[in-house]
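Colleague: Supplied in structure tokens, the structure appears directly below.
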Amino acid sequence: MIYCSKIYVLATRGLRKNTYVMTEIKIAKELGKEIITVKPYGQKGIPNFIRINSTEFIGNDIRSIRESLK
């Protein structure tokens, strides 16, 4: 993670706050990384701990992902 500038989080409703995802988000924040949340098509809502820590939200379509990589 040290050599990247962004991390992507797939924000599914089944994620729990005490999972490895929260640990990765905390590390990314400490390293000053951009945290981009990818919201699956048709999903309603994003877990709070992901919403609070994200710098950007995108859909899971290829166009949105390509734009975020620029």
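The values are calculated or read from the model by the stated rules, or taken from the named source; none is laboratory data. For clarity, every value in this text was computed on a predicted model and none was experimentally measured. A quick note on method: Cβ atoms are made from the backbone with ideal geometry, for glycine too, and the neighbour counts reach across all protein chains shown. The accessibility values were calculated without ligands, DNA or RNA, using every heavy atom of the protein model including side chains. Shrake-Rupley method; radii C 1.70, N 1.55, O 1.52, S 1.80 Å.
Colleague: So which residues in the stretch 1-22 are modelled with pLDDT of 90 or more, open to solvent by 30 Å² or more (accessible area, probe 1.4 Å) and within 12 Å of the chain's Cα centre (by Cα), if there are any at all?
Modeller: Listed by number, the residues that qualify are K6, Y8.
Colleague: In the stretch 36-63, which residue that is farther than 14 Å from L15 by Cβ, modelled with pLDDT of 90 or more and among the β-branched types (V, I, T) is least open to solvent (accessible area, probe 1.4 Å)?
Modeller: Only one residue tops the list, namely I36.
Colleague: What is the residue count in the stretch 9-24 for residues that are under 15 Å from R51 (Cβ atoms) and either acidic (D, E) or in contact with a strand residue (DSSP E or B) (Cβ under 6 Å, 6 or more places away or on another chain) (or both)? Write out each step before concluding.
Modeller: The initial filter retains those residues of the stretch 9-24 that are under 15 Å from R51 (Cβ atoms), namely 9-13, 15-17, 21-22.
So of that shortlist, the ones also either acidic (D, E) or in contact with a strand residue (DSSP E or B) (Cβ under 6 Å, 6 or more places away or on another chain) (or both) come out as 9-11.
Selection size over the stretch 9-24: 3.
Colleague: Being under 13 Å from K6 (Cα atoms) and without any contact (Cβ under 8 Å) to a residue 12 or more places away in the chain is true for just one of E56, E34, E30. Which residue is that?
Modeller: Answer to the selection: E30.
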